[in-house]
Amino acid sequence: MRYFTKSVFKEALACPTRLNYCNRSEYANQNVGDDFLEALAEGGFQVGELAKIYYEVPAANDLSGTNAEVVARTTELLQAENVTIAEAGFVFGRCFCRVDILKKTGSTIELIEVKAKSWGGLKDKFLSDRKSGDLPAGSVRGPIREYVYDVAFQKYVVT
């Protein structure tokens, strides 16, 4: 079964027509194999590994495998009262997502999304000061909006 993933969701937000082309081999991503983009991805990987150390994710809880294997292992690990999992997998209907870090304490679940993006507290603003297109003042600013949608999709699937 092909799942509606957060990557596909993000493509649809950028341009709904892209849904006709994503995950089809005849329209393969031309950026695969790009040395510059691979170097950027490596930086993101390093930040992800640092987050696993920071949140003390046991090696056994750093999940990999097929979607079905990851979902099964996530379900198994969530039986514990307290657990921290890296790359936990969830399915809801035809939606699938992987959570960078999931921390369960009792009945509370935290979704931790790891990004290799700098943020200048004085310079960068989370909310816009003025109306932009159809969005009113006080909306999440464009540069950070895709990250908010990313986490919103994960929250939808997990809950």
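What the table below lists for this structure:
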quantity: Projected label distance in nm at Tyr3 and Leu78, using a 7 Å step from Cα toward the beta-carbon; calculated: 1.2
quantity: Solvent accessible area, Å² - Arg98, 1.4 Å probe, full protein context; calculated: 50
quantity: Förster-model FRET efficiency, 41 Å R0, Val158 and Arg130, C-beta, rounded to 0.05; calculated: 0.75
quantity: Surface accessible to a 1.4 Å probe, Ile53 within the full protein complex, Å²; calculated: 120
quantity: Distance violations [Cα-Cα > 25 Å] among Lys6/Lys115; Lys6/Lys131; Lys10/Lys131; Lys6/Lys103; Lys103/Lys131; calculated: Lys6/Lys131; Lys103/Lys131
quantity: Ranked order, Asp129, Asp150 - accessible area, probe 1.4 Å, largest first; calculated: Asp129, Asp150
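The values are calculated or read from the model by the stated rules, or taken from the named source; none is laboratory data. The model shown is predicted, which means the values in this text are computed figures rather than measured ones. Quick reminder, even Gly has a Cβ in these numbers, built from the backbone with ideal geometry, and neighbours come from all protein chains shown. Side chains included, ligands, DNA and RNA excluded: accessible areas come from the protein's heavy atoms. Shrake-Rupley method; radii C 1.70, N 1.55, O 1.52, S 1.80 Å.
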